[in-house]
1. Residue pairs, Cβ under 8 Å, 6 or more apart or interchain, first in region A:625-649 and closer than 24 Å to C:Met25 by Cα, second of a type in the set (Lys, Arg) and at pLDDT 95 or above. List them.
2. Take the residues of region A:219-239 that are within 27 Å of A:Leu606 (Cα to Cα) and facing chain C (nearest Cβ under 9 Å): which is surrounded by the fewest Cβ atoms within 10 Å (Cβ to Cβ)?
3. Could you list, in sequence order, all residues of region A:535-566 that are surrounded by 14 or more Cβ atoms within 10 Å (Cβ to Cβ) and not in a helix (DSSP H, G or I)?
4. Just to check your reading of the model, which residue among A:Val233, A:Val267, A:Val219, A:Val261 is among the hydrophobic types (A, V, I, L, M, F, W, C) and within 20 Å of A:Gly485 (Cα to Cα)?
5. Return a yes/no flag: does region C:48-71 have any residue that is surrounded by fewer than 18 Cβ atoms within 10 Å (Cβ to Cβ), within 24 Å of A:Asp633 (Cβ to Cβ) and modelled with pLDDT under 95.
6. Do we have any residue at all in region A:471-489 that's surrounded by fewer than 20 Cβ atoms within 10 Å (Cβ to Cβ), without any contact (Cβ under 8 Å) to a residue 24 or more places away in the chain and either among the polar types (S, T, N, Q) or within 16 Å of ligand 7 (Cβ to nearest atom) (or both)?
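The values are calculated or read from the model by the stated rules, or taken from the named source; none is laboratory data. Quick caveat, the model's predicted, so the values are computed rather than measured. For neighbour counting, all protein chains shown are included, and Cβ atoms are generated from backbone atoms with ideal geometry for every residue, glycine included.
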Amino acid sequence: MLDTKLSRRGFIKASAATAALASAGTAGFNQWSNNYVKAGGKAEIKEIASTCNACSSKCGMIGHIKNGRLWKLTGHPDHPYSKGKLCARGHGYATVVYSEDRLTQPLKRVGEGKFEPITWEKAYEEIAAKLNKIIKEFGPQSVALTEDPRATGKFYSPRFINALGSANYYTHHVVCSNARDAGFLHTVGVTATSADISNAKYIMFIGRSYGDGIRPSSVQSLATAKDNGAKIVIVDPRLNNTGNLATEWLAIRPGTDLALVLAMSHVLIKESLHDLEFIRNYTMGFEEYAKELRKYTPEWAEGITGIPADSITRIAVDMGKAKPKALIEQSWRGAFGCNYENSTETGRAVAMFNALLGNYQQKGGSIFGGKVNLGKLDEKKYPNPGEPDEPQAGSKQFPLAYKGSGVATIVAKEALEGKMKAAIYYHSNAALGYGNPKVMKEALSKMDLVVAIDVQMSETALLAHYVLPEVTYIERDEVIEGLSGKIPGIALRQQMVEKVHPQTKPVHEIYTELARACGVGQYFNFTLDDLNEAMLAPTGITYKELKEKGTIMFPDQEITLGEMPELKTPSGKIEYYSETYKAAGFKPIVEWIEPKVSPANDSFRLITGKQAIHSHTQTANIPILMQITKDYDLERIWINPARAKVLGIKDGDLVEVKSSEAVSKIRVKVTERIHPEAIFVPSHYGITSKDLKTGYGIGFGYMEHVPFDFEKWSGSGNIHEVIVNVRKVKS
Amino acid sequence: MVWGTIIAAYLFLAGLSAGAFLTSSYAARKYPEAVTIRIVGRIISPVLMGIGLLLLIVDAEAGLKDPLRFIYLFTNFSSVMTIGTYFISFFMMAAAFIALMEILKKEINKIVEYVGIFFAVATAIYTGFLIGVIGAVPLWNTAILPILFVVSAFSTGIAGTMLTSAFIDKKVVHHVMSLKKIHVSLLIAEVFLIFTMFVITSSSNESAAQSVAMLLSGEYSVLFWTGLILVGLLVPIVIESLELYNSRQLHRRAGMEVAAAGSPGFTAIVITESAVLAGGFILRYLLLAAAVPVIFL
Amino acid sequence: MARYGMVIDTRKCVGCYACRVSCQMQNELPVEESYIQFYEKETGVFPNVKNEFVPVQCQHCEDAPCESVCPTKATYTTKDGIVLVDAEKCIGCKYCMVACHYGARTQDHKTGVVEKCRFCAELVAEGKQPACVTTCISNARIFGDLDDPNSEVSKAIVKWNAQPLRADLGSAKIYYVR
Ligand SMILES: Nc1nc2c(c(=O)[nH]1)N[C@H]1C(S)=C(S)[C@@H](COP(=O)(O)OP(=O)(O)OC[C@H]3O[C@@H](n4cnc5c(=O)[nH]c(N)nc54)[C@H](O)[C@@H]3O)O[C@H]1N2
Ligand SMILES: Nc1nc2c(c(=O)[nH]1)N[C@H]1C(S)=C(S)[C@@H](COP(=O)(O)OP(=O)(O)OC[C@H]3O[C@@H](n4cnc5c(=O)[nH]c(N)nc54)[C@H](O)[C@@H]3O)O[C@H]1N2
Ligand code: SF4
Ligand code: SF4
Ligand code: SF4
Ligand code: SF4
Ligand code: SF4
Ligand SMILES: [Mo]
């Protein structure tokens, strides 16, 4: 038994409890909770199942609500991404609901960086009038909508822009995984597979770090694989934080992963370790591919990648022997999501390598996930705007890009060309994160109408004509989300606490009301509940049940391993030879492509990556997370000691980083964990919006150094095609 | 620095107070005519201890906010701080009582004085043991440290008493030559103890070696060499030795004693005794500042 | 009666700070105050490098020095071996902070009370796991009864030969796999 006096702060003063409660609406989260605990009032604790919104993974979580106030969170045990756990962001980002820097009312811009409050009615009226005028004058293809696709947005955003007659719907993937997505799409028919990590015997990660770019269940399964004795190889110019789970680190020269994969594929075929039966049954074009691969020897790759030919051969052979429980994990952003001129081709080569191992839909291999069959709104009652006639802007220039994501930066390019006139950004900080901020600013400033729907004054919101404040994810219900995987499922985001700021609204309300103002309200003549009920109909699960559980999995619909599903490529097979590529003017067979730029002896390549405690730009203003950055100096850039020595730089020194685009001052972390050719910049800093008081002025945004660019294949941003010089400066 | 300047000042004042009390008792016996020294010692000791205690209270933020909690200070007999709290309490009671008797010009109860002497010594030792028992800081965790603190307590006590007395009675401080001899011996012992402590701890422990390096050649070396060694120890040793030497000459030529009470003598006293006091504080400050905890990785 | 303890497997820890933040939320700590400190140890020369994250919190020492030095008895050990601070008794003298071998204690700047990891005593009393253990994304933390040889934590200690950070400094109840 435990002794008494358990509570951290012992005082029990009932009168103070009421005072603490009364201050709930205004005080900061910690201040409030401190007051509250001090007051020691009798706490009524409610648990509400929902989903996290601190990153794209949208893990299932359970909110613990103490007297109507968010206290803490735990991971939803049933959700496939959280499996009972949440990462630091999952816990900490939730405090955004009580952020002092939230948007609390609709704003209209009245000058550079100057805003005035405006009523919702007036805002809708003015935005609608401008949209309709632009559409009338320049056609619907001159308006665009961009977002980070979350459950509600995925349904409402395309519907809204389509209702206006425009196909210009975009997602943030142009600076995330557009390249990988295109490479995979045209090879295996989906933009990404998943991986059966816990059962794998040999796992290679190419620029994917489970310990940095986190999804809790991935790390858990990797830890399980490790416990089971799996070989885990990390290919990364940087010994990332997943390093101690790995058995080997290949410190590759950045931008050369394609050469490595081609050479490993070469070895598999040369040593006859490829899965011939699988190839015969499920692929096409293998012969031409095999012929092309003959020139990509390990020795050739050694010269490009810096990885010894022996290692390349050894690892390929061992993977061949471990097949089909061996794989190159599908990766996400790090190496070939959107980084180099060869990124799409790297994605393609990886998907093909996995096919050589015959690991698709195998235990311990690559997985095509299953989906729950969800219902739709009855179109007779609720008319659907349908696909507009004009194609999505950018789809002609980049026919290989996945249409569902589009090439979001085309909006900026066409704005600069005077073609794009209006842009809506929902849940997106495009101005800081999608491309060079100077170019983005110029582009956004050129448009006649920019609307930002956000929860805080992001850099994008600062450039908008109208800023519409959404409630945070702690205060809203959303559209049901389908979860694809070995076992498919569904998850629901739900409101946990009452609105903190009465003038904020959930996005489905904003879209519905704005559509009405624009005269297209007929496409939004349903409620969120109508929609969710319709979606649930075929599942046999009641809305009430889903609300109680938050996440429901369907084990009876588990995919059958060993059974290949119908592939969505034109041939229905895994394509070693792509007619689609040919039609688009690209080589139908994968080949080595040089990165666009390469560092000289005295310069570096700038690379970037995630940190466990931050998401893109959205968490930099969260005090409980930013404090960790401050405590451990996490905003520093990484440099190799050998290079630092030559430059007279010591750990902690202030340096100047200079590229063709910008100059930044920052302190350095001198570490053996990075390739001498690379400077690593943590992704999440460089907030320039002064309204974001916690994040402002810490570190620099690496996008400032990235030239505004499009990779030829997928249109992605080529965000590691950056050369910098570094020199020591006085602090 | 978990424990900083305030605690350094507390340790310093506690030692100084105990030392001053002992100085006055010694003077009362050895030089009954040196009334000023006796009275000064007896009055400053409870006052300084009181200030020290106040500092301790100020540093103990949670107690400061809820003073009744200080009662709990008496509850844990395995804590040096609790034991010290008792020592200081008894010492304070005795010292305050004696000071009051001095002020009221009343006879001083011998038993109370012996109790005072006993707890003054205990208090001085306690200040050393307080940090000396901390295994987490190898620099402190030596048998020498309490001795060093006691020696330093006496020397600062003498210095504090002499300095204050000098302002009241310029002549009297030149009477008490044996006190001066003790003082010089203490200062020399201190130098010896400091370096012995450094040699022993730094050869046996990595953290202590780091601490010592911080003091001798690192972050705190300037304060250590100029503040503690030069100003706090060597300067007073030299000046007082010269004084002792001179006074022997003077005694030979009797009658000239009066000359020493002139302004050069007064200045020398103010300088040396202030230097000793500064050194005493710096010693404690440096020991707290250079605390490198054990390495556990 | 149990004797609670923990295993931290640094071979698995990815230094993600999830434990820190979940602990802060669970215990409603100010943003600047954390019960868990992180140490990083890099060894080797490029490209043969190893890196280790070592999260350190109160080790719940047996015969804890912080407890023996605490003049007010604010620091005490429960019957289950959890070292706790009674916030109503603590005067904030910080003696325990200097006495702790692991730098595991912090002071709340508002109340002046010294605090530290409390092995989530309330959760444990309800039969639940500490917040940092529940959330650890790589299952690097295991919590349970050290006196029960069949507990997961005891088995892990045996299996991986887990050791306290400094066994020579007295027995702690957090065992590290390194
Ligand atoms: N903590 C955190 N987790 C997240 C997110 C977040 O913002 N924060 N966001 C989520 C999202 S949207 C994404 S896209 C994923 C991203 O997940 P990841 O792609 O795994 O994350 P990154 O850190 O961007 O990149 C991974 C690694 O790629 C390495 N890298 C850089 N250049 C090269 C190269 O040329 N070759 C190779 N081989 N490696 C290279 C970097 O050093 C880095 O360690 O994370 C998801 N999870
Ligand atoms: N500088 C930088 N650029 C990056 C990255 C990076 O890490 N750093 N990562 C790259 C990658 S992998 C990706 S996927 C993209 C991601 O790019 P984005 O999707 O733009 O992600 P964020 O930069 O975090 O911006 C998200 C915006 O949404 C807002 N927001 C958060 N919650 C809500 C909400 O509930 N409602 C509404 N309406 N708004 C909300 C935030 O305040 C923020 O302004 O960025 C890419 N570009
Ligand atoms: S990975 Fe972390 S931040 Fe992303 S959804 Fe899951 S818990 Fe939230
Ligand atoms: S680790 Fe420190 S705080 Fe915890 S029990 Fe041991 S001495 Fe006390
Ligand atoms: S700070 Fe509090 S817990 Fe620590 S020793 Fe002092 S009274 Fe005890
Ligand atoms: S056991 Fe509880 S109090 Fe201790 S570090 Fe973990 S979460 Fe924090
Ligand atoms: S949550 Fe687990 S993996 Fe993350 S830092 Fe803490 S102990 Fe390490
Ligand atoms: Mo991303």
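1. That search, which allows pairs on different chains as well, returns A:Leu625/A:Arg89; A:Ile628/C:Arg20; A:Asp633/A:Arg667; A:Asp633/A:Lys669; A:Glu635/A:Arg667.
2. Looking only at region A:219-239, we keep the residues that are within 27 Å of A:Leu606 (Cα to Cα), and these are A:219, A:232-239.
Then keep just the ones that are facing chain C (nearest Cβ under 9 Å); that gives A:219, A:239.
Numbers: A:Val219: 30, A:Leu239: 27.
It comes out as A:Leu239.
3. Answer for region A:535-566, where residues must be surrounded by 14 or more Cβ atoms within 10 Å (Cβ to Cβ) and not in a helix (DSSP H, G or I): A:Ile541, A:Gly550, A:Thr551, A:Ile552, A:Met553, A:Phe554, A:Ile559, A:Leu561, A:Met564, A:Pro565.
4. Being among the hydrophobic types (A, V, I, L, M, F, W, C) and within 20 Å of A:Gly485 (Cα to Cα) holds for just one of A:Val233, A:Val267, A:Val219, A:Val261, which is A:Val219.
5. Looking through region C:48-71, none of the residues is surrounded by fewer than 18 Cβ atoms within 10 Å (Cβ to Cβ), within 24 Å of A:Asp633 (Cβ to Cβ) and modelled with pLDDT under 95.
6. Checked against the condition, which is being surrounded by fewer than 20 Cβ atoms within 10 Å (Cβ to Cβ), without any contact (Cβ under 8 Å) to a residue 24 or more places away in the chain and either among the polar types (S, T, N, Q) or within 16 Å of ligand 7 (Cβ to nearest atom) (or both), region A:471-489 yields no hits at all.
For every residue, the table says whether it meets (1) within 13 Å of another protein chain (Cβ to nearest Cβ); (2) more than 16 Å from ligand 2 (Cβ to nearest atom); (3) in a loop (DSSP other than H, G, I, E, B).
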residue	(1), (2), (3)
A:Ser56	no, no, yes
A:Gly63	yes, no, no
A:Leu70	yes, no, no
A:Leu73	yes, no, no
A:His79	no, yes, yes
A:Ser82	yes, yes, yes
A:Lys85	yes, yes, yes
A:Gly90	yes, no, no
A:Thr95	yes, no, no
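Residues checked against (1) within 11 Å of chain C (Cβ to nearest Cβ); (2) surrounded by 19 or more Cβ atoms within 10 Å (Cβ to Cβ); (3) within 16 Å of ligand 1 (Cβ to nearest atom):
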site	(1), (2), (3)
A:Thr608	no, yes, yes
A:Gln611	yes, yes, yes
A:Thr617	no, yes, yes
A:Leu625	yes, yes, yes
A:Tyr632	yes, no, yes
A:Ile637	no, yes, yes
A:Pro641	yes, no, no
A:Lys645	no, no, no
